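J.: Once you've had a glance at the structure underneath, I'll fire off some questions.
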Amino acid sequence: MKLIHKDIEKDGKGTVVLIPEEAEDMWQAYNIIREGDRVRASTIRKVQNESATGSSTSHRVRTTLTINVETVDFDTQACLLRLKGRNIEENEYVKMGAYHTIDLELNRKFSLIKEEWDSIDLERIEMATDPTQTADVAAVIMQEGLAHVCLISGSRTIVRAKIDHNIPRKRKGDVKQHEKGILKFFELVMQAILRHIKFDVVKCTIIASPGFVRDQFYEYIIQEAVKTDNKIILENKSKFIMAHASSGFKHSLKEVLSNPSIAAKLEDTKALGELKALDNFYKMLQSESTRAFYGINHVEKANEAMAIETLLITDSLFRSQNILQRKRYVKLVDSVRESGGDVKIFSSMHVTGEQLSQITGVAAILRFPMPELEDDDEDEDDLNESTTN
C-alpha cells in the first residue's frame with residue numbers, strides 16, 4: 001500500500017489518501033473502512049441518454065464519487081472490496097443522495113475520511129504502508145564478496161542493502177589476505193542485517209548461498225554475537241533458516257522460495273508467533289487457570305489490575321459497527337501497551353484467529369494469579385454478538 005497523503009487533526013479527524021498495490025492491501029483496507037466513513041474514489045457509472053425521439057441509450061463513464069459508507073463487503077476469494085453508500089458531493093452523473101457501489105481497484109488511489117482516527121487504525125495504516133512493518137520474512141542471498149539483504153511481504157520483495165566487497169584470491173602459501181577479506185565481508189553483511197531487519201516483526205530469516213558460505217557466515221554472526229553480547233542475534237537465532245542458492249544475486253531468491261522444503265518451513269515459522277501465544281494461553285488455562293482468562297469482562301478487570309502480560313485479540317473485533325464496542329477494544333489495547341503488556345492481534349483470516357474467535361476473540365495471560373475472577377460469572381453475550389460481525 002502506498003501512502004500519498006495523511007492529514008490528521010489533533011481531535012483525530014482527518015483524511016488519508018492511499019493506493020492499494022496488491023491484493024493483500026485490500027484486506028488492510030477492509031480492516032480500516034467502516035460504516036459512517038467517507039470514501040472518495042474513481043468508479044464506473046452507467047449513464048442513460050434519451051434522444052429527442054424518445055429512444056434511450058446507455059454508456060459507461062468513469063467519474064470520481066464521494067460516498068458515505070453504509071456497507072463494506074470483502075470477497076476473500078477475489079480479494080475484492082466493495083463499498084456501498086450515498087453520494088455526498090455534487091457530480092454530473094450521480095445525484096446527491098443517490099446510492100452507488102464503489103469497487104476499490106488496484107493501483108487507483110482512494111481517499112478515506114474519518115471523524116476519528118484511533119490508534120488501531122493509524123497502526124494499521126503504518127503497517128500497510130511501511131514494508132519493514134509487514135515484511136515477516138527476511139532473506140540474505142550471498143556468495144563470496146556479494147550479498148543482498150531483502151525483505152519479503154506478501155508478493156513484494158524489497159532489497160534493503162547490497163554488499164559488494166572485494167575479497168583477495170587465495171595465494172599459494174598465503175591465505176591471510178583472503179581470510180581477512182572474508183571476515184570484513186561478513187562484518188559488513190552482519191551490520192546490514194542489524195540495520196535493516198526488524199527481528200520483532202520478522203518471523204524468519206533465510207540465509208542462502210552456493211557452497212558453504214551460508215554456514216560460515218552463520219557461524220561468524222553467532223560467534224560475534226556471543227563475543228559482543230548481542231542479544232538481538234542471540235535471542236533470535238532460532239529464526240535463521242539455511243538454504244541453497246546458485247548465486248548471491250537477487251534473482252536466486254525466487255529459486256530459494258520455490259523450494260518446497262523451504263516453503264513448508266516458512267509457513268510453519270510465519271505463524272509461529274501467534275501459534276505460540278495461543279498455545280501458551282491454553283497451557284496456562286490447564287496448568288494455572290487463575291492466570292488465563294477470556295471474554296471482555298474478565299480481561300478488562302485483569303487489565304484494571306495491570307495484570308496482563310500478553311493480550312490476544314482478533315482483528316474482527318475492530319471492525320465492529322458498534323462504535324462504543326470498537327472504542328472499548330481500542331482502549332483495552334492501548335491500556336495494556338501502556339502498562340508494558342504484549343499485544344498480539346490475530347487475523348481472522350488465519351486458523352489461529354478462527355480458534356481465538358471461538359473463545360470470544362479476546363483472551364489474556366496474566367503476570368500473577370487473580371482467583372477472584374474465576375468467581376465472576378458476568379454475562380458475556382454483548383461480546384459474542386460483536387464477534388459475529
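J.: About the Cα centre of the stretch 268-363, how large is the charge dipole given +1 on each Lys and Arg Cβ and -1 on each Asp and Glu Cβ? Please answer in debye to the nearest 20. Present the calculation step by step, with values, prior to reporting the outcome.
T.: On the way: 12 positive and 12 negative charges, 55 e Å.
Dipole about the Cα centre, nearest 20: 260 debye.
J.: Follow-up question, since we're still on this one. Once each part is reduced to its C-alpha centroid, what is the distance from the stretch 1-18 to the stretch 220-295 in angstrom?
T.: 34
J.: Right, next: Tell me the mean residue ellipticity at 222 nm calculated for the chain from its helices only (DSSP H runs of n ≥ 4, each -39500 (n - 2.57), averaged over every residue, nearest 500). Don't jump to the answer; show the numbers that get you there.
T.: Working: 13 runs with 139 residues, N = 389.
Taken over the chain, the calculation gives -10500 deg cm²/dmol.
J.: Right, another one. Pairs to check: Lys46/Lys95; Lys109/Lys250; Lys250/Lys276; Lys170/Lys250. Give those whose C-alpha atoms are more than 21 Å from each other in this structure.
T.: Working: Lys46/Lys95 13 Å; Lys109/Lys250 30 Å; Lys250/Lys276 32 Å; Lys170/Lys250 26 Å.
Pairs exceeding the cut-off: Lys109/Lys250; Lys250/Lys276; Lys170/Lys250.
J.: Under a 10 Å cutoff between Cα atoms, tell me which one of Asp25, Asp229, Asp342 has the largest fluctuation in the Gaussian network model of the chain.
T.: Asp229
J.: In nm, to one decimal, how far is the modelled label at Ser119 from the one at Tyr99, with both set 7 Å along Cα→Cβ?
T.: 3.9
J.: Of Glu35, Glu338, Glu70, which has the largest mean-square fluctuation in a 10 Å C-alpha GNM of the chain?
T.: Fluctuation is largest for Glu338.
J.: In addition: State the extension gain, in nm to one decimal, for the chain segment bounded by Ala23 and His165, taking 0.36 nm per residue of separation less the distance between their alpha-carbons.
T.: Gain in length upon complete extension: 47.4 nm.
J.: Quick check on my link table: of Lys176/Lys203; Lys6/Lys331; Lys114/Lys344; Lys198/Lys227, which ones sit more than 32 Å apart, alpha carbon to alpha carbon? Can you show the working numbers first?
T.: On the way: Lys176/Lys203 37 Å; Lys6/Lys331 23 Å; Lys114/Lys344 25 Å; Lys198/Lys227 21 Å.
With Cα atoms farther than 32 Å apart: Lys176/Lys203.
J.: Now, a different point. Which of the chymotrypsin sites (Phe, Trp or Tyr not before Pro) across the stretch 170-224 are loop residues per DSSP, with 13 or fewer other Cβ within 10 Å? Kindly include the intermediate steps, with their values, before the conclusion.
T.: Values: sites: Phe185, Phe186, Phe199, Phe212, Phe217, Tyr218, Tyr220; in loops: Phe199, Phe212.
For chymotrypsin sites (Phe, Trp or Tyr not before Pro) across the stretch 170-224 that sit outside H, G, I, E and B with at most 13 neighbouring Cβ atoms in 10 Å, the list reads Phe212.
J.: For Glu35 and His244, what is the calculated FRET efficiency with R₀ set at 56 Å and r taken between the beta-carbons, to the nearest 0.05?
T.: Values: r = 51 Å, r/R0 = 0.91.
The calculated FRET efficiency here is 0.65.
J.: Take Ile88 and Lys184, extend 7 Å from each Cα along the Cα→Cβ direction, and tell me the distance between the two endpoints in nm.
T.: Distance between label points: 6.2 nm.
J.: Oh, and also: Find which of Ile102, Thr205, Phe186 sits farthest along the positive direction of the dipole of the stretch 89-205, computed with +1 on the beta-carbon of Lys and Arg, -1 on that of Asp and Glu, about the Cα centre.
T.: Phe186
J.: Here's a follow-up. At R0 = 25 Å, how high is the FRET efficiency between Val226 and Gln191 if r is their beta carbon distance? Nearest 0.05 is fine.
T.: On the way: r = 17 Å, r/R0 = 0.68.
Plugging the Cβ-Cβ distance into 1/(1 + (r/R0)^6) gives 0.90.
The numbers here are math on the coordinates, done by the rules we state, and not lab data. Predicted model only: the values in this text are computed from it and were never measured. Please note: Cβ atoms are built from the backbone with ideal geometry, for glycine as well, and neighbour counts cover all protein chains shown.
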